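Taking it in order: structure first as structure tokens, then the write-up.
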Amino acid sequence: MDKTLFNLHDLVLLIIAFECLAVAFYLGLNRAKASLPTSLLIAFLAVHAGIALHELVLWGSTFRYWVLDASPNYFFVLNFAYWLDGPLLFLFACSVTQQHFKLQRWHGLLLVPVALFAVFIFQHFYALPHDAKVTLVKDYSFADFDYVFMDLLAKAIRVVFSVYATLLILRGNEQTKATFNVPEWLPKVLMLLTAVLAWETMLSMIKVYHSLYVFPYYDVVEFIGLASYYMQFALFNTVIFMSASHFLRAQPAKPKAVEREPVSQALLEQLETTMERERPYLNQNLSFERLAEKLDLPVKELSNAINRHYEVNFYEFINNYRIQEAKRLLEDPACFEKSITDIFYDAGFNSKSVYNTLFKKKFNKTPSQYRNDVKQKLAKQQTQAGLS
């Protein structure tokens, strides 16, 4: 990355940083008030943009000298991003899998590694005279054993947090994930991200080995480093805008303290008539706003009516209709040839795991078991009818 003004590697890092910041800004403009999951996602994207820019400043020939000409004191500022994205990913996973999750004081312990790195970088770089810092940057001599070991520690911590976040999403409460509209592909994305982070950790391990014993094939290091950029680029471009649009719709229905005046009977009749005749719940992207617009009602009035009369939130209310629709399709002989996946899509669900969990909770059977029982019952009835 130190031969041309704007080579492809630099461009990839710039695009990663731009996309992360652009989506973070978009989410910030459109998020619901006081949405902790979206706030944590915004912070994670901003920090990840900082990582891309840090790599650009650290190894890009043109950019590093632009920063160096401004001041060597700017050189490792974005290095802190490596110590922050792991904790932010972990907190995000907690916020979408734990009911009523809130930041606690003990979460401040997640910043201890950040503080330790601050002490380290101050002693090994910022406390040095100006000319010494310039020389370290120009000669790349800052990358001694102490620095590459700290870099390895940061990368290993990121892998640990990424693995933990993946497990939280996989094992999290399905109803809570449904409330936040967590996509079923998110665990797979986190697994891929963990693989990329593990790849970067391998690079750091080679650097530590090289600082101690001299690695004979050090050209491999450049390949591993550049490959990680392109893997991140591919991963983020596949997911970043999908996740942005997904979590903009993922705001939980917050029950508000309201006076217990009677709910308008006319409103309830209008709501139930619309649900039964027009079946808007079959739309997988149905939102509170869209349903309120269809009913020509204020969102707040519709929310209060559902919460007070049915004593459920919006997603529970809609999913009850979807479960009944799925039950009807499973019982229909004309749909026996349809796959279980086709059934849950036809019923309006966009997550197979949510569909299976809610169905089993409602009927104490999986959809497959329920349909098999229906088939056996119909076969028995036909046999009895034939004998009579």
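The values are calculated or read from the model by the stated rules, or taken from the named source; none is laboratory data. All figures in this text were calculated on a predicted structure; none of them were measured in a lab. With ideal geometry, Cβ positions are generated from the backbone for all residues, glycine too; neighbour counts draw on all protein chains shown. The accessibility values were calculated without ligands, DNA or RNA, using every heavy atom of the protein model including side chains. Shrake-Rupley method; radii C 1.70, N 1.55, O 1.52, S 1.80 Å.
Stretch residue 294-residue 195 to full length: gain in nm at 0.36 nm per residue minus the Cα-Cα span?
31.2 nm
Between residue 222 and residue 379, what FRET efficiency follows from the Cβ-Cβ distance if R0 is 56 Å, with the result rounded to 0.05?
0.25
Counting only heavy atoms of the protein chains, get the accessible area per residue of the chain (1.4 Å probe) and round it to a whole Å² value.
53
About its Cα centre, what dipole magnitude does the chain give when the only charges are +1 on Lys and Arg Cβ and -1 on Asp and Glu Cβ, stated in debye to the nearest 20?
Roughly 1380 debye, rounded to the nearest 20.
Can you tell me the 0 to 90 degree angle between the C-alpha axis of helix 186-213 and the longest principal axis of the chain, rounded to 10?
20
Note down the nm distance, to one decimal, between modelled labels 7 Å out along Cα→Cβ at residue 105 and at residue 301.
That separation, rounded to one decimal, is 4.6 nm.
What number in nm² do you get for region 11-141 if you take the convex hull of its Cα atoms and divide its surface by four?
That works out to 9.3 nm².
What's the angle, to the nearest 10 degrees (0 to 90), between helix 352-363's Cα axis and the longest principal axis of the chain?
Helix 352-363 and the main axis of the chain meet at about 40 degrees.
Could you point to the residue in 333, 72, 195 farthest towards the positive end of the chain's charge dipole, with +1 and -1 charges on the Cβ of Lys/Arg and Asp/Glu respectively?
333
For the residue pair residue 350 and residue 268, what label-to-label distance in nm results when each label sits 7 Å from Cα along the Cα-to-beta-carbon direction?
Placing both labels 7 Å along Cα→Cβ, they lie 3.1 nm apart.
Evaluate the distance, in nm, between pseudo-label points positioned 7 Å from the Cα of residue 215 and of residue 119 along their respective Cα→Cβ axes.
2.9
Quick one: the Cα spread of the chain along its three principal axes, in angstroms, biggest first?
96, 55, 39 Å, listed from the longest principal axis down.
Enter the angle in degrees (range 0 to 90, nearest 10) between the Cα long axis of helix 219-248 and the first principal axis of the Cα atoms of the chain, meaning the one along which they spread out most.
Once rounded, the angle reads 30 degrees.
If you roll a 1.4 angstrom probe over the protein chains with everything in place, what fraction of the accessible area of region 79-177 belongs to carbon and sulfur, to the nearest %?
67
Report, largest value first, the span of the C-alpha coordinates of region 114-175 along each principal axis, in whole Å.
In descending order, the Cα extents are 58, 19, 15 Å.
Based on the Cβ-Cβ distance of residue 98 and residue 73, what FRET efficiency does E = 1/(1 + (r/R0)^6) give at R0 = 45 Å, to the nearest 0.05?
0.65
Determine the gain in length on full extension of the stretch residue 128-residue 310; use 0.36 nm per residue of separation and subtract their C-alpha separation, reporting nm with one decimal.
My answer for the length gained is 58.9 nm.
If contacts are Cα pairs under 8 angstrom and at least 6 residues apart, what is the relative contact order of the chain in percent?
Relative contact order comes out at 14 percent.
Using the alpha carbons of region 293-388, what is the convex hull volume per residue in cubic angstrom, as a whole number?
Expressed per residue, the convex hull around the Cα atoms of region 293-388 is 135 Å³.
With a 10 Å radius around each residue's Cβ, average the other Cβ atoms per peptide and rank 156-165, 81-90, 18-27, highest first.
81-90, 156-165, 18-27
Note the full-extension length gain between residue 235 and residue 372 as 0.36 nm times their separation in residues minus their Cα-Cα distance, in nm to one decimal.
That works out to 45.3 nm of additional length.
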